[in-house]
Amino acid sequence: MAQQVQGVIAPGKNEPVRVETIVIPDPGPGEAVVKIQACGVCHTDLHYKQGGINDEFPFLLGHEAAGVVESVGEGVTDVAPGDFVILNWRAVCGQCRACLRGRPWYCFDTHNAERKMTLLDGTELSPALGIGAFAEKTLVASGQCTKVDPAVAPEVAGLLGCGVMAGIGAAINTGQVGRGDSVAVIGCGGVGDAAIAGARLAGAAKIIAVDIDDRKLATAKTMGATHTVNSRSTDAVEAIRALTDGNGADVVIEAVGRPETYEQAFYARDLAGTVVLVGVPTPDMKLELPLLDVFGRGGSLKSSWYGDCLPSRDFPMLVDLHQQGRLDLAAFVTETIGLGDIEQAFARMHDGDVLRSVVVF
């Protein structure tokens, strides 16, 4: 039987979000209804509101979430009612060429629920990243549910569903930071700070945080940065080289998504070093680099999509590290808020006042 819950929608491009009654259908084959306990306010949700993802309004926002499985549809065996789960937007198919080659973190056919959540008048909603978790309950594909230890706080666990996983994965999975490496992270928002935390987990000897905001640089130090550079007043490339014996960093992670900062990352890496792009550019952005420099500097230029994570592998591992005291996920939670506070949370995020606002139900 369909249920009615409260959720936050983006009704149209750049229109204020609002709380509406959402109709949640019973789960179909391969689907699950999840009672949401916490959901982070991610910059991607703001992109949806601004029309930067697509124009399939209205959107049911929210995707960085944790909760408890309430019911499952026919054929679901991987989760059961009562399971505590983190929601993910990479429910691997197991059948595409990436999965069959043993690289499911590159899955080309990830699953979402087929049944539609709607408004009371029957208007179909587009759930953000196939999740839609700014709601008391949501409908997802069962593969989007990753079981973790229920002892972890929901407001902490949910952050692994997007931004924190993207940053940590950019360092560990994509950048393959190793013991003794030098790492520079350009852009110290939530994803950049998570990349710093990931580099520390991996055993990097030197972690250089780069930003134009001294407040963010101070926070980056608490996450594991050994050095900071304010690129508003200092040439970032020269500063990174100076801190690495004139060579450049072994791995440079660009967490802004702009051509200017990507160029900084490119020239701030050591010969044969690695650049990882985890910041999300807009469709109109272009990059121009001398091809001879691309050839002559060697190394790797990589993009990190969702931190190249495999949720079934990475989420439980990172929860374990948090519980062992080796990864302070709680440090990313700046504030907890209610469903009616999301518009204000977007403004605080845009102004750089928070790492994460988290909606708690």
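The values are calculated or read from the model by the stated rules, or taken from the named source; none is laboratory data. Just so it is clear, the model here is predicted, and its values are computed rather than measured. Please note: Cβ atoms are built from the backbone with ideal geometry, for glycine as well, and neighbour counts cover all protein chains shown. The accessibility values were calculated without ligands, DNA or RNA, using every heavy atom of the protein model including side chains. Shrake-Rupley method; radii C 1.70, N 1.55, O 1.52, S 1.80 Å.
So the values come out like this:
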item	result
Length gained when the stretch residue 114-residue 151 is fully extended (0.36 nm per residue, less Cα-Cα span)	10.2 nm
Summed side-chain charge close to residue 36 - residues other than residue 36 whose Cβ falls under 12 Å, Lys, Arg +1, Asp, Glu -1	-2
Computed over the chain: relative contact order in percent, which uses C-alpha pairs under 8 Å that are six or more apart	17 percent
Convex hull volume per residue for the chain, taking Cα atoms only, in Å³	130 Å³
Calculated FRET efficiency for the pair residue 74/residue 336, C-beta based, R₀ 35 Å, to 0.05	0.45
Residue-averaged [θ]222 nm for the chain, counting only DSSP H segments that reach four residues, each worth -39500 (n - 2.57)	-7000 deg cm²/dmol
Total formal charge among the other residues, if their Cβ is under 15 angstrom from that of residue 126, Lys/Arg +1 and Asp/Glu -1	-3
Under 26 Å from the Cα of residue 137 - lysines, other chains or at least 8 residues apart	13, 35, 49, 116, 147
Rg(Cα) / (2.2 N^0.38 Å) computed for the stretch 256-305, rounded to two decimals	1.10
Candidate aspartates and glutamates - alpha carbon under 14 Å from residue 302, same-chain residues fewer than 8 apart omitted	250, 254, 263
Among 329-341, 32-44, 140-152, the order from most to least packed when residues are scored by Cβ within 10 Å on average	32-44, 140-152, 329-341
In order through the stretch 147-158: 3J(HN,Hα) via Karplus (6.51 cos²θ - 1.76 cosθ + 1.60), integer Hz, x for Gly, Pro	5, 9, 4, x, 6, 6, 5, x, 5, 8, 4, x
The stretch 115-195, relative contact order in percent, only Cα pairs under 8 angstrom and at least six apart counted	22 percent
The chain - accessible surface per residue (Å², probe 1.4 Å)	42 Å²
The stretch 53-136 shape via C-alpha gyration tensor axes, a/c threshold 1.5	oblate
Separation in nanometres of the label points that stand 7 Å from Cα toward Cβ, at residue 295 and residue 230	4.2 nm
